[in-house]
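Engineer: There's a structure below that I have some questions on.
The values are calculated or read from the model by the stated rules, or taken from the named source; none is laboratory data. Owing to the predicted nature of the structure, the values given are computational and were not obtained by experimental measurement. Positions of Cβ are backbone-derived with ideal geometry, glycine not excepted, and every protein chain shown enters the neighbour counts. Quick note on the areas: whole protein, heavy atoms, side chains included, nothing else; ligands and nucleic acids left out. Shrake-Rupley method; radii C 1.70, N 1.55, O 1.52, S 1.80 Å.
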Amino acid sequence: MPTINEIHEFAVEEGIKEDPREEDQIEEELEEREDQYEGLEGVRKEKFDEDRLDNPFDDSKVFHGGEEEVDRVAIGIDIETQELLLVDRLNDKGEDIDGVIAHHPQGRAYAWLGKVMQLQIDSMNKAGIPVSQAEGIIQESAKKVRQGVHPKNHPRVPRSAELLDIPFMNLHTATDNLAYSFMKDYLEEEDPRTLDDLVDSLLELEEYQWELENGAGPEIFAGSGNNRVGDVGVLGFTGGTDAGDDIIDKMMESGIDTLVAMHATRDQVEKAQEKSINIVTAGHMASDSLGINLMLDRMQDEFSLEVFELSGFKRVER
Ligand SMILES: [Fe+2]
Ligand SMILES: [Fe+2]
(Lines give C-alpha, C1' and ligand atoms only; values in the text may rest on other atoms or scores of the structure.)
(Ligands and ions follow the chains in the order given, each with its own letter.)
Protein backbone atom coordinates (compact mmCIF):
# COMPACT_ATOMS: atom_id res chain seq x y z
CA MET A 1 0.00 0.00 0.00
CA PRO A 2 1.36 3.43 -0.90
CA THR A 3 1.67 6.22 1.65
CA ILE A 4 0.09 9.62 1.10
CA ASN A 5 3.61 11.02 0.59
CA GLU A 6 4.41 8.42 -2.07
CA ILE A 7 1.20 9.17 -3.96
CA HIS A 8 1.94 12.88 -3.77
CA GLU A 9 5.52 12.52 -4.99
CA PHE A 10 4.38 10.36 -7.90
CA ALA A 11 1.75 12.93 -8.89
CA VAL A 12 4.24 15.79 -8.76
CA GLU A 13 6.58 13.90 -11.12
CA GLU A 14 3.75 13.21 -13.56
CA GLY A 15 2.61 16.84 -13.33
CA ILE A 16 6.11 18.01 -14.25
CA LYS A 17 6.07 15.82 -17.38
CA GLU A 18 2.99 17.66 -18.72
CA ASP A 19 3.99 21.15 -17.57
CA PRO A 20 3.96 23.95 -20.16
CA ARG A 21 7.50 24.79 -18.98
CA GLU A 22 10.51 22.75 -20.12
CA GLU A 23 11.72 20.23 -17.54
CA ASP A 24 15.18 21.84 -17.25
CA GLN A 25 13.53 25.21 -16.63
CA ILE A 26 11.71 23.65 -13.67
CA GLU A 27 15.00 22.10 -12.48
CA GLU A 28 16.61 25.53 -12.62
CA GLU A 29 13.77 27.07 -10.61
CA LEU A 30 14.14 24.39 -7.95
CA GLU A 31 17.89 25.05 -7.80
CA GLU A 32 17.19 28.76 -7.33
CA ARG A 33 14.91 27.87 -4.42
CA GLU A 34 17.69 25.78 -2.91
CA ASP A 35 20.04 28.78 -3.08
CA GLN A 36 17.43 31.05 -1.52
CA TYR A 37 16.82 28.48 1.21
CA GLU A 38 20.53 28.24 2.00
CA GLY A 39 20.63 32.03 2.36
CA LEU A 40 17.81 32.13 4.90
CA GLU A 41 18.37 32.55 8.63
CA GLY A 42 16.47 32.13 11.88
CA VAL A 43 12.72 31.68 11.83
CA ARG A 44 12.53 32.08 8.04
CA LYS A 45 14.78 29.07 7.57
CA GLU A 46 13.14 27.10 10.36
CA LYS A 47 9.64 27.60 8.94
CA PHE A 48 10.61 27.11 5.30
CA ASP A 49 8.55 24.38 3.64
CA GLU A 50 11.27 21.97 2.49
CA ASP A 51 8.77 20.28 0.16
CA ARG A 52 9.28 23.36 -2.04
CA LEU A 53 12.81 22.17 -2.83
CA ASP A 54 11.51 19.13 -4.80
CA ASN A 55 7.93 20.07 -5.59
CA PRO A 56 7.52 23.00 -8.00
CA PHE A 57 3.74 23.05 -7.45
CA ASP A 58 3.26 25.36 -4.49
CA ASP A 59 -0.51 24.82 -4.70
CA SER A 60 -0.28 21.02 -4.28
CA LYS A 61 0.63 19.87 -0.77
CA VAL A 62 0.36 17.16 1.87
CA PHE A 63 -1.35 18.53 4.97
CA HIS A 64 -1.73 15.63 7.35
CA GLY A 65 -0.75 11.98 7.70
CA GLY A 66 1.88 11.86 4.94
CA GLU A 67 3.39 8.67 6.35
CA GLU A 68 0.06 6.84 6.50
CA GLU A 69 -0.56 3.99 4.09
CA VAL A 70 -3.81 4.19 2.16
CA ASP A 71 -5.65 1.88 -0.16
CA ARG A 72 -9.02 3.58 -0.47
CA VAL A 73 -9.05 7.34 -0.92
CA ALA A 74 -11.90 9.82 -1.22
CA ILE A 75 -11.31 12.36 -3.98
CA GLY A 76 -13.16 15.64 -4.34
CA ILE A 77 -12.72 18.98 -6.06
CA ASP A 78 -13.41 21.08 -2.96
CA ILE A 79 -12.61 19.53 0.38
CA GLU A 80 -13.43 21.57 3.44
CA THR A 81 -14.35 20.64 6.98
CA GLN A 82 -17.81 19.53 5.82
CA GLU A 83 -16.35 16.91 3.45
CA LEU A 84 -13.88 15.73 6.08
CA LEU A 85 -16.79 15.30 8.51
CA LEU A 86 -18.72 13.50 5.78
CA VAL A 87 -15.83 11.07 5.31
CA ASP A 88 -15.63 10.54 9.05
CA ARG A 89 -19.38 9.91 9.12
CA LEU A 90 -19.19 7.51 6.14
CA ASN A 91 -16.44 5.62 7.90
CA ASP A 92 -18.75 5.27 10.91
CA LYS A 93 -21.22 3.69 8.51
CA GLY A 94 -18.57 1.26 7.34
CA GLU A 95 -17.09 2.87 4.19
CA ASP A 96 -13.44 2.35 5.14
CA ILE A 97 -11.94 5.45 3.49
CA ASP A 98 -8.39 5.94 4.71
CA GLY A 99 -7.34 9.21 3.10
CA VAL A 100 -8.66 12.26 1.28
CA ILE A 101 -7.33 13.97 -1.85
CA ALA A 102 -8.65 17.43 -2.69
CA HIS A 103 -8.17 19.26 -5.98
CA HIS A 104 -8.57 22.92 -5.01
CA PRO A 105 -5.89 24.07 -2.62
CA GLN A 106 -6.27 24.56 1.12
CA GLY A 107 -3.84 25.78 3.77
CA ARG A 108 -0.47 27.00 2.52
CA ALA A 109 -1.25 25.56 -0.92
CA TYR A 110 -3.99 28.19 -1.20
CA ALA A 111 -1.86 30.94 0.29
CA TRP A 112 0.70 30.26 -2.46
CA LEU A 113 -1.75 29.97 -5.33
CA GLY A 114 -0.26 33.05 -7.00
CA LYS A 115 3.16 31.38 -7.28
CA VAL A 116 2.09 28.67 -9.75
CA MET A 117 0.69 31.33 -12.09
CA GLN A 118 4.23 31.77 -13.44
CA LEU A 119 3.75 28.72 -15.63
CA GLN A 120 1.01 30.55 -17.51
CA ILE A 121 3.77 32.63 -19.08
CA ASP A 122 4.71 29.44 -20.93
CA SER A 123 1.19 28.28 -21.74
CA MET A 124 0.43 31.76 -23.15
CA ASN A 125 3.69 31.76 -25.06
CA LYS A 126 2.90 28.31 -26.51
CA ALA A 127 -0.46 29.68 -27.66
CA GLY A 128 1.32 32.51 -29.49
CA ILE A 129 1.43 35.43 -27.03
CA PRO A 130 4.93 37.02 -26.94
CA VAL A 131 6.77 36.15 -23.73
CA SER A 132 7.22 39.82 -22.71
CA GLN A 133 3.45 40.36 -22.94
CA ALA A 134 2.70 37.16 -21.04
CA GLU A 135 5.15 38.16 -18.31
CA GLY A 136 3.51 41.56 -18.02
CA ILE A 137 0.06 40.04 -17.50
CA ILE A 138 1.19 37.34 -15.09
CA GLN A 139 3.42 39.42 -12.82
CA GLU A 140 0.54 41.81 -12.25
CA SER A 141 -2.21 39.24 -11.78
CA ALA A 142 -0.08 36.94 -9.59
CA LYS A 143 0.41 39.89 -7.24
CA LYS A 144 -3.34 40.54 -7.17
CA VAL A 145 -4.06 36.89 -6.44
CA ARG A 146 -1.44 36.80 -3.67
CA GLN A 147 -2.91 39.86 -2.00
CA GLY A 148 -6.44 38.60 -2.49
CA VAL A 149 -5.89 35.22 -0.82
CA HIS A 150 -3.53 36.48 1.89
CA PRO A 151 -6.22 37.28 4.50
CA LYS A 152 -8.06 33.94 4.21
CA ASN A 153 -8.27 31.37 6.98
CA HIS A 154 -5.45 29.10 5.80
CA PRO A 155 -4.99 26.81 8.83
CA ARG A 156 -8.69 25.99 9.04
CA VAL A 157 -9.14 22.89 6.86
CA PRO A 158 -5.72 21.27 7.49
CA ARG A 159 -6.47 21.57 11.21
CA SER A 160 -9.82 19.81 10.75
CA ALA A 161 -8.02 16.91 9.04
CA GLU A 162 -5.56 16.79 11.90
CA LEU A 163 -8.33 16.80 14.52
CA LEU A 164 -10.20 14.00 12.74
CA ASP A 165 -6.86 12.32 12.00
CA ILE A 166 -7.68 11.85 8.30
CA PRO A 167 -4.64 11.74 5.97
CA PHE A 168 -5.15 14.70 3.66
CA MET A 169 -3.42 16.17 0.62
CA ASN A 170 -4.29 18.15 -2.48
CA LEU A 171 -3.21 18.09 -6.11
CA HIS A 172 -4.05 21.24 -8.02
CA THR A 173 -1.68 22.37 -10.76
CA ALA A 174 -0.12 18.89 -10.78
CA THR A 175 -3.36 17.45 -12.22
CA ASP A 176 -4.50 20.58 -14.11
CA ASN A 177 -1.30 20.25 -16.17
CA LEU A 178 -2.53 16.85 -17.38
CA ALA A 179 -5.92 18.31 -18.33
CA TYR A 180 -4.15 21.16 -20.16
CA SER A 181 -1.85 18.99 -22.21
CA PHE A 182 -4.64 16.50 -23.00
CA MET A 183 -7.02 19.26 -24.11
CA LYS A 184 -4.40 20.97 -26.27
CA ASP A 185 -3.66 17.74 -28.16
CA TYR A 186 -7.30 16.69 -28.26
CA LEU A 187 -8.52 19.93 -29.85
CA GLU A 188 -5.62 19.96 -32.30
CA GLU A 189 -6.63 16.48 -33.40
CA GLU A 190 -10.38 17.20 -33.47
CA ASP A 191 -9.76 20.47 -35.32
CA PRO A 192 -13.36 21.77 -34.91
CA ARG A 193 -14.53 24.25 -37.55
CA THR A 194 -17.17 26.19 -35.62
CA LEU A 195 -17.76 26.90 -31.95
CA ASP A 196 -20.69 24.48 -32.04
CA ASP A 197 -18.32 21.80 -33.38
CA LEU A 198 -15.90 22.59 -30.56
CA VAL A 199 -18.63 22.11 -27.97
CA ASP A 200 -19.57 18.82 -29.67
CA SER A 201 -15.94 17.69 -29.48
CA LEU A 202 -15.91 18.38 -25.75
CA LEU A 203 -19.15 16.49 -25.35
CA GLU A 204 -17.50 13.36 -26.70
CA LEU A 205 -15.61 13.21 -23.40
CA GLU A 206 -17.50 11.50 -20.59
CA GLU A 207 -16.62 14.10 -17.97
CA TYR A 208 -18.37 16.81 -20.02
CA GLN A 209 -21.40 14.60 -20.64
CA TRP A 210 -21.65 14.19 -16.89
CA GLU A 211 -21.43 17.92 -16.30
CA LEU A 212 -24.06 18.53 -18.99
CA GLU A 213 -26.33 16.29 -16.95
CA ASN A 214 -25.59 18.50 -13.94
CA GLY A 215 -26.62 21.61 -15.84
CA ALA A 216 -23.19 23.10 -16.57
CA GLY A 217 -21.82 21.44 -19.70
CA PRO A 218 -19.55 23.16 -22.24
CA GLU A 219 -20.96 26.54 -23.21
CA ILE A 220 -20.17 29.39 -25.57
CA PHE A 221 -19.77 32.46 -23.38
CA ALA A 222 -18.67 34.85 -26.13
CA GLY A 223 -19.27 34.48 -29.87
CA SER A 224 -22.00 32.50 -31.59
CA GLY A 225 -22.23 28.82 -32.47
CA ASN A 226 -21.58 29.23 -36.18
CA ASN A 227 -18.49 31.44 -35.64
CA ARG A 228 -15.35 29.82 -36.95
CA VAL A 229 -12.96 28.60 -34.25
CA GLY A 230 -9.76 29.86 -35.94
CA ASP A 231 -6.68 29.71 -33.74
CA VAL A 232 -7.38 28.17 -30.34
CA GLY A 233 -5.72 29.13 -27.07
CA VAL A 234 -6.13 26.55 -24.29
CA LEU A 235 -5.29 29.22 -21.77
CA GLY A 236 -7.52 28.78 -18.79
CA PHE A 237 -6.71 25.16 -17.88
CA THR A 238 -3.66 25.28 -15.64
CA GLY A 239 -1.50 27.62 -13.63
CA GLY A 240 -3.52 28.38 -10.53
CA THR A 241 -6.32 30.71 -11.51
CA ASP A 242 -7.63 33.16 -14.13
CA ALA A 243 -5.12 35.75 -15.24
CA GLY A 244 -7.68 38.57 -15.62
CA ASP A 245 -9.16 40.24 -18.68
CA ASP A 246 -5.92 41.68 -20.13
CA ILE A 247 -5.46 38.29 -21.70
CA ILE A 248 -8.27 39.13 -24.14
CA ASP A 249 -6.33 42.14 -25.49
CA LYS A 250 -3.17 40.06 -25.81
CA MET A 251 -5.06 37.32 -27.64
CA MET A 252 -6.38 39.86 -30.09
CA GLU A 253 -2.91 41.34 -30.67
CA SER A 254 -1.42 37.86 -31.09
CA GLY A 255 -4.04 36.50 -33.49
CA ILE A 256 -5.68 33.95 -31.18
CA ASP A 257 -9.37 33.73 -32.00
CA THR A 258 -10.90 31.38 -29.45
CA LEU A 259 -10.21 30.95 -25.75
CA VAL A 260 -10.98 27.55 -24.29
CA ALA A 261 -11.04 27.69 -20.51
CA MET A 262 -12.35 25.74 -17.53
CA HIS A 263 -14.14 28.90 -16.46
CA ALA A 264 -14.14 32.56 -17.47
CA THR A 265 -14.74 35.70 -15.44
CA ARG A 266 -17.49 38.19 -16.19
CA ASP A 267 -14.85 40.81 -17.12
CA GLN A 268 -13.19 38.44 -19.58
CA VAL A 269 -16.52 37.64 -21.22
CA GLU A 270 -17.50 41.31 -21.54
CA LYS A 271 -14.16 42.27 -23.02
CA ALA A 272 -14.23 39.28 -25.40
CA GLN A 273 -17.68 40.31 -26.65
CA GLU A 274 -16.46 43.84 -27.18
CA LYS A 275 -13.32 42.70 -29.07
CA SER A 276 -14.94 39.84 -31.04
CA ILE A 277 -12.90 37.11 -29.35
CA ASN A 278 -14.67 33.78 -28.78
CA ILE A 279 -14.79 32.11 -25.38
CA VAL A 280 -15.86 28.52 -24.81
CA THR A 281 -16.00 27.50 -21.17
CA ALA A 282 -15.56 23.77 -21.04
CA GLY A 283 -17.02 23.34 -17.57
CA HIS A 284 -15.24 23.55 -14.26
CA MET A 285 -15.93 20.31 -12.36
CA ALA A 286 -15.64 18.27 -15.59
CA SER A 287 -12.28 19.81 -16.53
CA ASP A 288 -10.89 19.41 -13.01
CA SER A 289 -12.15 15.81 -13.00
CA LEU A 290 -10.49 15.21 -16.39
CA GLY A 291 -7.07 16.17 -15.00
CA ILE A 292 -7.52 14.01 -11.89
CA ASN A 293 -8.72 11.08 -14.02
CA LEU A 294 -5.66 11.26 -16.27
CA MET A 295 -3.52 11.29 -13.14
CA LEU A 296 -5.43 8.39 -11.57
CA ASP A 297 -4.98 6.30 -14.72
CA ARG A 298 -1.22 6.64 -14.21
CA MET A 299 -1.44 6.27 -10.44
CA GLN A 300 -3.51 3.11 -10.54
CA ASP A 301 -0.94 1.60 -12.93
CA GLU A 302 1.70 2.30 -10.30
CA PHE A 303 -0.16 1.60 -7.04
CA SER A 304 -3.16 -0.39 -6.02
CA LEU A 305 -5.57 2.34 -5.03
CA GLU A 306 -9.33 2.41 -4.75
CA VAL A 307 -11.22 5.64 -5.37
CA PHE A 308 -14.34 7.01 -3.71
CA GLU A 309 -15.90 9.98 -5.58
CA LEU A 310 -17.30 13.05 -3.84
CA SER A 311 -17.55 16.84 -4.03
CA GLY A 312 -17.76 17.38 -7.79
CA PHE A 313 -15.37 14.64 -8.84
CA LYS A 314 -16.39 11.98 -11.38
CA ARG A 315 -14.07 9.05 -12.07
CA VAL A 316 -13.70 8.18 -15.76
CA GLU A 317 -11.08 5.60 -16.75
CA ARG A 318 -9.18 5.79 -20.03
FE1 LIG B 1 -8.25 22.80 -11.64
FE1 LIG C 1 -10.77 24.32 -10.47
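Engineer: Given the protein chains as shown and a 1.4 Å probe, how many square angstrom of GLU274 are accessible, to the nearest 10?
Structural biologist: 140
Engineer: Between region 282-315 and region 193-269, what is the separation of their alpha carbon centroids in Å?
Structural biologist: Result: 22 Å between the Cα centres.
Engineer: Report the local net charge at THR81: Lys and Arg +1, Asp and Glu -1, summed over other residues whose C-beta lies under 13 Å from its C-beta.
Structural biologist: Values: positive: ARG89, ARG156, ARG159; negative: ASP78, GLU80, GLU83, ASP88, GLU162.
Local charge sum for THR81: -2.
Engineer: Over 24 Å between Cα atoms: which of LYS61/LYS250; LYS17/LYS143; LYS47/LYS143; LYS250/LYS314; LYS152/LYS275; LYS126/LYS250 fall into that group? Could the numbers behind the result be given before it?
Structural biologist: Working: LYS61/LYS250 32 Å; LYS17/LYS143 27 Å; LYS47/LYS143 22 Å; LYS250/LYS314 34 Å; LYS152/LYS275 35 Å; LYS126/LYS250 13 Å.
Among LYS61/LYS250; LYS17/LYS143; LYS47/LYS143; LYS250/LYS314; LYS152/LYS275; LYS126/LYS250, the Cα-Cα distance tops 24 Å for LYS61/LYS250; LYS17/LYS143; LYS250/LYS314; LYS152/LYS275.
Engineer: Could the peptides 22-34, 74-86 be put in order, highest first, of the mean number of other beta-carbon atoms found within 10 Å of their residues? If you can, show how the numbers build up before the last one.
Structural biologist: On the way: 22-34: 12.6, 74-86: 20.0.
Highest to lowest by the protection proxy: 74-86, 22-34.
Engineer: Next question. Can you sort ARG318, ARG72 by solvent-accessible area, 1.4 Å probe, largest first? All intermediate terms of the calculation are to be shown ahead of the outcome.
Structural biologist: Details: ARG318 115, ARG72 45 Å².
The ranking, largest first, comes out as ARG318, ARG72.
Engineer: Using a cut-off of 9 Å between beta-carbons, work out the net charge of the residues near GLY244 (Lys and Arg +1, Asp and Glu -1, GLY244 not included).
Structural biologist: Values: positive: LYS144; negative: GLU140, ASP242, ASP245, ASP246, ASP267.
That sum, taken over residues with Cβ under 9 Å, equals -4.
Engineer: Let me ask something else. Counting only the heavy atoms of the protein chains, how much of SER254 is accessible to a 1.4 Å probe, in Å² to the nearest 10?
Structural biologist: Surface open to solvent at SER254 totals about 40 Å².
Engineer: Using 10 Å bins from zero, what percent of all Cα-Cα pairs in region 179-283 falls into each bin?
Structural biologist: 16, 53, 30, 2
Engineer: Per 0.36 nm of contour for each residue apart, how much would the distance between ASP24 and GLU68 grow if the chain were fully extended, relative to their Cα-Cα spacing?
Structural biologist: Details: separation 44, 0.36 × 44 = 15.84 nm, distance 3.19 nm.
Stretched out fully, the ASP24 to GLU68 stretch lengthens by 12.6 nm.
Engineer: GLN139 versus ASP191, label points 7 Å from Cα toward the beta carbon: distance in nm?
Structural biologist: Going from the GLN139 label point to the ASP191 one covers 3.9 nm.
Engineer: Using a 1.4 Å probe on the protein heavy atoms, what percent of the accessible area of the chain belongs to carbon and sulfur?
Structural biologist: On the way: 6010 of 14780 Å².
Carbon plus sulfur share of accessible area: 41 percent.
Engineer: Same structure, new question: Can you give the accessible area per residue of region 179-283, in Å², using a 1.4 Å probe?
Structural biologist: Per-residue value: 45 Å².
Engineer: Let me ask something additional. Taking the C-alpha atoms of the chain, how large are the radius of gyration and the largest Cα-Cα span, Dmax, in Å?
Structural biologist: 19.6, 61
Engineer: Find how many whole Å separate the alpha carbon centroid of region 66-132 from the alpha carbon centroid of region 33-50.
Structural biologist: 25
Engineer: Now for a separate question. Once R0 is set to 51 Å, what does the formula 1/(1 + (r/R0)^6) return for the Cβ-Cβ distance between PHE48 and ASN226, expressed as a FRET efficiency to the nearest 0.05?
Structural biologist: 0.40
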